[in-house]
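**Student:** Just dropping this structure here.
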Amino acid sequence: MTDRLRESQPGAVHASRLEPVSQAGVRRTLLVSASVGVFLSFVEAFDTGHVAFLPRTAFMVTVGLAGALLGMASFRLAGLIPLTRRGLVVHTVISGTLMTPLMGLLVWGAVGFVSRGRAHTHELPQYMLITWVMCLVMSGLAIFLSHRREAAQAAQAAPAAPAPVKFLERLPLKLRGAEIWAVEAEDHYLRLHTSKGQDLILMRLADAVAELEGIEGAQVHRSWWVARDAVADARRGDGRATLTLKDGSEVPVSRTYAKLIRDAGWI
């Protein structure tokens, strides 16, 4: 019955369900209700088979549109009742029940007028029961679709999870789960400086730098790649810079990478 429906989640159960009704939501609700009216005309609902198809369809669509407007109003009114915060099913039952008296009277009177020129009072309870069931079904369907649309929109708006850092798969077992502080080239090997200690792996530094994408860091020397969070101190002297890591290792910054490091605010 409305375009926006806040999902019931732990920690948000007591949040207000009354959010602004969008024009798109109103249009969708009216379109669905008009379609239901056409369907009811086809199945000759409410014993209206003796009425010509076009007048019967116009009548059913009109009743459906009136029901849609009444349903949206009932949904908003139900949202003011604290009990509806217990979940979508409770909200559906309360919303459908609130709209039943007026909708039942409308259907009873309109069908009686179209069919026989007058409505019979003894048929009112039966119409109320049928209308209540229809209101519950339509309210539940509208709330369910709105709930799914809201969840889909939230999923699309959520930021994509960052891609896993491929280099982490190369860590030796004893270093798994550690923070990578630096990678140092030693001949054909790489010395890994991590929060769990050091170890050697066979790999080229250039390949390691490519696989370290996703961790904020930079190559600062032809033999060193350093993670920014691992830098405990930085100093400049004699025209060169040196980075001190959390484990006390000192990393030289070559002239080739000095400007890049300065522009990044490392030194």
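**Student:** Which residues, counting only those in the range 33-79, are in contact with a Lys or Arg (Cβ under 7 Å, 6 or more places away or on another chain) and at pLDDT 75 or above?
**Tutor:** Of the residues in the range 33-79, the ones in contact with a Lys or Arg (Cβ under 7 Å, 6 or more places away or on another chain) are 41, 48, 79.
Within the range 33-79, SER41 is the sole residue that qualifies.
**Student:** If you scan the range 194-217, which residues turn out to be under 11 Å from PRO172 (Cα atoms) and acidic (Asp, Glu)?
**Tutor:** Of everything in the range 194-217, just one residue is under 11 Å from PRO172 (Cα atoms) and acidic (Asp, Glu), namely ASP199.
**Student:** Same structure, new question: Condition check: in a helix (DSSP H, G or I), in the same structural domain as TRP132 (by TED's automatic domain parsing) and touching a residue at least 24 places away in the same chain (Cβ under 8 Å). Does GLY104 satisfy that?
**Tutor:** Details: in a helix (DSSP H, G or I): yes; in the same structural domain as TRP132 (by TED's automatic domain parsing): yes; touching a residue at least 24 places away in the same chain (Cβ under 8 Å): yes.
So GLY104 passes the test.
**Student:** Specify the residue that is surrounded by the most Cβ atoms within 10 Å (Cβ to Cβ); the eligible residues are those in the range 74-99 that are of a type in the set (S, T, N, Q) and over 22 Å from the mean Cα position of the chain (by Cα). Talk me through it step by step, then tell me what you get.
**Tutor:** Residues of the range 74-99 of a type in the set (S, T, N, Q): 74, 84, 92, 95, 97.
Retained after the next criterion (residues that are over 22 Å from the mean Cα position of the chain (by Cα)): 74, 95, 97.
Details: SER74: 23, SER95: 30, THR97: 15.
By that ranking, first place goes to SER95.
**Student:** Going by the structure shown, is MET60 more than 29 Å from ALA151 (Cα to Cα) and touching a residue at least 12 places away in the same chain (Cβ under 8 Å)? Even if it seems obvious, please write down each step before you answer.
**Tutor:** Details: more than 29 Å from ALA151 (Cα to Cα): yes; touching a residue at least 12 places away in the same chain (Cβ under 8 Å): yes.
Yes.
**Student:** Take THR84 and tell me if it is touching a helix residue (DSSP H, G or I) at 6+ places or on another chain (Cβ under 9 Å), of a type outside the set (D, E, K, R) and at pLDDT 70 or above.
**Tutor:** Numbers: touching a helix residue (DSSP H, G or I) at 6+ places or on another chain (Cβ under 9 Å): yes; of a type outside the set (D, E, K, R): yes; at pLDDT 70 or above: no.
Taking the combined requirement at face value, the residue does not satisfy it.
**Student:** Working only within the range 223-238, note down all residues that are touching a residue at least 12 places away in the same chain (Cβ under 8 Å) and either outside the structural domain of TRP181 (by TED's automatic domain parsing) or not in a strand (DSSP E or B) (or both).
**Tutor:** Scanning the range 223-238 gives SER223, ARG228, ASP229, ALA230.
**Student:** Among the residues of the range 256-263, is there at least one that is outside any strand (DSSP E or B), among the aliphatic types (A, V, I, L, M), without any contact (Cβ under 8 Å) to a residue 24 or more places away in the chain and surrounded by 18 or more Cβ atoms within 10 Å (Cβ to Cβ)?
**Tutor:** Residues of the range 256-263 outside any strand (DSSP E or B): 256-263.
Keeping just the survivors that are among the aliphatic types (A, V, I, L, M) gives 258, 260-261.
Subset that is without any contact (Cβ under 8 Å) to a residue 24 or more places away in the chain: 258.
Pick out the ones that are also surrounded by 18 or more Cβ atoms within 10 Å (Cβ to Cβ) and you get 258.
Yes, some residue in the range 256-263 is outside any strand (DSSP E or B), among the aliphatic types (A, V, I, L, M), without any contact (Cβ under 8 Å) to a residue 24 or more places away in the chain and surrounded by 18 or more Cβ atoms within 10 Å (Cβ to Cβ).
**Student:** Six or more apart or on different chains, Cβ atoms under 8 Å: show the pairs whose first residue is in the range 70-82 and aromatic (Phe, Trp, Tyr) and whose second is crowded, with 20+ Cβ neighbours inside 10 Å and not in a helix (DSSP H, G or I).
**Tutor:** Sorted first by the residue in the range 70-82, then by its partner, the pairs are PHE75/MET1; PHE75/THR2.
**Student:** Suppose we filter the range 204-242 for residues that are within 22 Å of ASP187 (Cβ to Cβ), in contact with a Pro (Cβ under 9 Å, 6 or more places away or on another chain) and among the hydrophobic types (A, V, I, L, M, F, W, C); how many remain?
**Tutor:** 2
**Student:** Hey, another quick one. Please indicate, with yes or no, whether at least one residue in the range 215-222 is of a type in the set (Val, Ile, Thr), outside any strand (DSSP E or B), under 15 Å from GLU179 (Cα atoms) and touching a residue at least 24 places away in the same chain (Cβ under 8 Å). First the steps, then the outcome.
**Tutor:** Here is the first cut: in the range 215-222, the residues of a type in the set (Val, Ile, Thr) are 215, 220.
Subset that is outside any strand (DSSP E or B): 215.
Filter once more, so that each one left must be under 15 Å from GLU179 (Cα atoms): 215.
Retained after the next criterion (residues that are touching a residue at least 24 places away in the same chain (Cβ under 8 Å)): 215.
Within the range 215-222 (the criterion being of a type in the set (Val, Ile, Thr), outside any strand (DSSP E or B), under 15 Å from GLU179 (Cα atoms) and touching a residue at least 24 places away in the same chain (Cβ under 8 Å)), the answer is yes, since at least one residue qualifies.
**Student:** Additional query: Mind listing just one residue for me: the one in the range 239-255 that is in contact (Cβ under 8 Å) with a residue 40 or more places away in the chain and assigned to a loop (DSSP other than H, G, I, E, B) and, of those, farthest from the chain's Cα centre (by Cα)? Before the answer, list the steps.
**Tutor:** So in the range 239-255, the residues in contact (Cβ under 8 Å) with a residue 40 or more places away in the chain come out as 245-247, 249, 251.
Then keep just the ones that are assigned to a loop (DSSP other than H, G, I, E, B); that gives 246-247, 249.
Numbers: LYS246: 39, ASP247: 42, SER249: 45 Å.
Across the range 239-255, the extreme among qualifying residues is SER249.
**Student:** Quick check on the range 111-137: of everything there that is hydrophobic (A, V, I, L, M, F, W, C), surrounded by 17 or more Cβ atoms within 10 Å (Cβ to Cβ) and within 23 Å of PRO55 (Cβ to Cβ), which residue is modelled with the highest pLDDT?
**Tutor:** The extreme case among them is MET134.
The values are calculated or read from the model by the stated rules, or taken from the named source; none is laboratory data. Nothing here was measured: the structure is a model prediction, and the numbers come from that model. Here the Cβ is made from the backbone with ideal geometry for all residues, glycine too, and neighbour counts use every protein chain on show.
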